[in-house]
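First up is the structure itself, then whatever we jot down about it.
Laboratory data are not the source of any read-out in this text; all were calculated from the coordinates shown. Please read all numbers here as calculations on a predicted model, not as lab measurements. Note that we place each Cβ from the backbone using ideal geometry, even for glycine, and neighbour counts take in every protein chain shown.
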Amino acid sequence: MVQSWRRARLDVTVASTRSMWSKNPATWLKVIHRFPSLASVSLQELSMVTVADQEEERRSSHLIYKMEVVSLPAVSRVAICGGTHGNEMTGVFLVKELQKRKRKEEGAEAPDILPVISNPRAVQRCQRYIETDLNRCFTTATLSVPVSDGTPYEIQRAQELNVFLGPKGSVKSVDLVCDLHNTTANMGLCLISYSECDWISLHICRHLQKEMPSVPVRYIHYDVPLSEAYSLESVGKHGFAMEVGPQPHGVVRADVWGTMTEGVRLVLDWIKRFNSGVQFDDKVMEIYTLVKTIDYPRDPETQMITATIHPQLQDHDFCLLHQGDPLFLTFSGNTEYYRGEEPLYPFFVNESAYYEKGIAFLLARKKKVNIPSVRVMTRESV
Amino acid sequence: MSCEVSLPEAKKVAIFGGTHGNEMSGVTLVNLWLKNRAEIRRSGVEVQPFITNPRAVEKCTRYIDIDLNRAFTPENLSKREAEDHPYEIKRALEINRIFGPKGSSDAYDVIFDLHNTTSNMGCTLILESSQDHLNLQMVHYIKQAVAPMTCSVLVNEHPFLQYSTSRSVAKHPIGLEVGPQPQGVLRSNIFQSMRLILRHALDFIELFNGGMEFPPCTVDVYQVTERVDYPRDTNGNITAMVHPNLQDCDWEPLNPGDPMFLTFDGRTVEYKGGNTVYPTFINEAAYYEKQQAFVITKRGTLIARQIKVSKM
């Protein structure tokens, strides 16, 4: 396995190569900007050498990149959160099982695991939330709202969690938040993150993809700045929601349990190995970036929905949607079609909790991300 | 020896949706038909669509205070409507006044109560009596009409496991249970199946009222015998899930020794009964709080007598 891109020959056109070259420095800058006190990027050289190859002279120039290993601090404290939505059962039971075990496994490289039931009142009532969706309460603004008697329960709870696991954006926050969710949509296992350059989260995703070949594992990126990031995982220095479906809310299915427990096991496995000094090589990964949401057709007067998700879209999360593909089947039997020009990937198709948010499904664009090699920061590399 | 049963016309028919506010197929169909009754219009029949639990529907929750579909007990129905009661008891009294009184000659003839389940039950018709020949003929007609789509028939006459449903106000109550569908979700295939069953059910009533004779027939049914709870610890917390081998296997035989539950720490719990049984309502979300992982049934065959309308 090539340790870095040194000497790797890429057969690309000049135009696309130029854009890739211009992207790379920006990517590095993004990392430093996001975690100024944390990332130590040991960039030795970033140079471009153009080589004219006699054999392929009539074709494009070849460009050779050099990219070094990114050193990152150890992931020492990991929060595994369940019951952020009180009726998403797998995470609730998984966290309860973790709470029965001891907090830290043997060995210095094993992280300190904090199992957290995020919304205990909602869990007790087996409801998504009591007053307001907890997983929309973690924007910087909401976390600073002064609390009074009238403050909704979930806002108070979000502020408690921010004290316990955060504060968000500070050096004291836990290193990684893994927030467990279920969905009624046929999404397999997805890691959902606000960052496309959180190398820890991306490498973890790659690890799950490799070690769980029978389960579709995908990375979804919501391009939202940190202060506006509204969900629980934004409190940690690294974080993602682990979303597994399909499962009805209020139900625990053994197959979904198996997928999520294995997913969490592999997350902790990767962290242990990373902390112990294993270097994880650079990769090119495909991720899905959220583009927009689509609502159901509704009656203009009553706002009640007038169609179901079309049978050809139902359960077809991540199947590319082209212009002219069916989206909805109205109650009177007509089909509504996708009119967008750009083919996009649907996900969260028919998630029950999203009816009230005016969302029938979301659409994403697939893109490739170049993930550098990572290794834990040692005293010498600081 | 079967002999003909002469029955009065089924003139007053109701279709209940939203008895559980988050079971979306029924809510949607009833709201559709409240707006436009063309699809449910039949000659000689008055068909009334009705949302039974509007507050629960508005909140997209199963119920507000108590389960409406357990609220129609004799004790509750003898309470006074004007007094302060939990919401669903007030609702039950109102429904009993409009569509009952339960047990009287003024009660509606037929009530279809529309439900969804997270269990993989497909289309299921639920009867509360094995002696209701109008209902038996109706389910037989529906089963033939929707074939090759299957429609199971569940009979719950169990003295302890039977419960006082909203439809029990009528002379001929029929439950329609279609799954699997998560609560709060409307799936196209489930919606269309329920719509189709109701179309045939109303056709049957129209034919019956019009004088068609329905000869004797047999109906294969599943009869409720037992309820099985999840394994729990001393605090009452669930310690196991429905086993992957049983999950989604509604109506399939469960033999002694077959896996039933899988504990969270990976142990299999086997079915220890003496005979082969037929489980259903496997892993219904709403039943965790009712201490029910699934219901055990036995297979049986009921005989429906010939029926003919007697026009008085």
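Summary table below
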| item | result |
| --- | --- |
| Where the Cα pairs of segment B:118-229 fall when distances are cut into 10 Å bins, in % | 12, 43, 35, 8, 0 |
| Other protein chain Cβ atoms within 10 Å, averaged over every residue that makes up A:303-311 | 4 |
| Modelled FRET efficiency - R0 56 Å, B:Ser6 with A:Glu336, Cβ distances, 0.05 increments | 0.65 |
| Estimated [θ] at 222 nm from DSSP helical runs (n ≥ 4, -39500 (n - 2.57)) normalised by residues in the protein assembly as shown, nearest 500 | -7500 deg cm²/dmol |
| Charge sum, other residues only, whose C-beta stays under 14 Å from A:Met89's C-beta, Lys/Arg counted +1 and Asp/Glu -1 | -2 |
| Eligible aspartates and glutamates near B:Lys298 by straight Cα distance, threshold 16 Å, same-chain separation 8 or greater | B:Glu128, B:Glu157, B:Asp220, B:Glu226, B:Asp250, B:Glu252 |
| Estimated distance in nm for a label pair at B:Ile64 and A:Glu228, the labels positioned 7 Å out from Cα along Cα-to-Cβ | 3.9 |
| Ranked packing of A:94-101, A:202-209, A:78-85, most packed first, by mean Cβ within 10 Å | A:78-85, A:202-209, A:94-101 |
| Hydrodynamic radius by Kirkwood, which averages 1/r over all alpha carbon pairs of segment B:58-125, in angstrom | 13.7 |
| Per-q log10 I(q)/I(0), segment A:107-185, q = 0.18, 0.23, 0.27 Å⁻¹ (Debye; single scatterer per alpha-carbon; no solvent) | -0.84, -1.21, -1.44 |
| Cross-link partners of A:Lys272 among lysines (Cα-Cα below 21 Å; sequence separation of 8 or more within a chain) | A:Lys100, A:Lys102, A:Lys104, A:Lys172, A:Lys210, A:Lys237, A:Lys283 |
| Computed over chain B: relative contact order in percent, which uses C-alpha pairs under 8 Å that are six or more apart | 22 |
| For A:Trp257, B:Trp251, order by how many other beta-carbon atoms lie within 10 Å, fewest first | B:Trp251, A:Trp257 |
| Rounded to 5, percent antiparallel among DSSP beta bridges of the protein assembly as shown | 55 |
| Cβ neighbours within 10 Å from other chains - mean over A:253-259 | 5 |
| Those lysines that a straight Cα-Cα span of less than 25 Å connects to B:Lys35, excepting residues fewer than 8 apart in one chain | A:Lys357, B:Lys11, B:Lys12, B:Lys59 |
| Two-decimal ratio, the protein assembly as shown, of alpha-carbon radius of gyration to 2.2 N^0.38 Å | 1.11 |
| In degrees, nearest ten, helix B:87-99 long axis to first principal axis of chain B (Cα) | 30 |
| Segment B:229-295: radius of gyration and largest Cα-Cα distance (Dmax), Å | 11.4, 32 |
| Alpha-carbon Debye profile of segment B:11-161, log10 I(q)/I(0) at 0.09, 0.18 Å⁻¹ | -0.31, -1.35 |
| Cβ-based net charge around B:Val277, under 11 Å, with every Lys or Arg adding one and every Asp or Glu removing one | -1 |
| Two-decimal Rg to Rh for chain B - Kirkwood Rh, Cα set | 0.97 |
| Segments A:289-297, A:331-339 sorted - mean Cβ within 10 Å per residue, highest first | A:289-297, A:331-339 |
| 10 Å Cβ neighbours from other chains, averaged over peptide B:281-287 | 3 |
| Charge dipole magnitude, Cβ of K and R +1, D and E -1 - chain B, Cα centre, debye nearest 20 | 720 |
| Along chain B, longest interval not containing exposed GluC sites (Glu not before Pro), exposed being DSSP loop plus at most 12 other Cβ atoms within 10 Å | B:84-212 |
| Modelled FRET efficiency - R0 22 Å, A:Glu262 with A:Met285, Cβ distances, 0.05 increments | 0.65 |
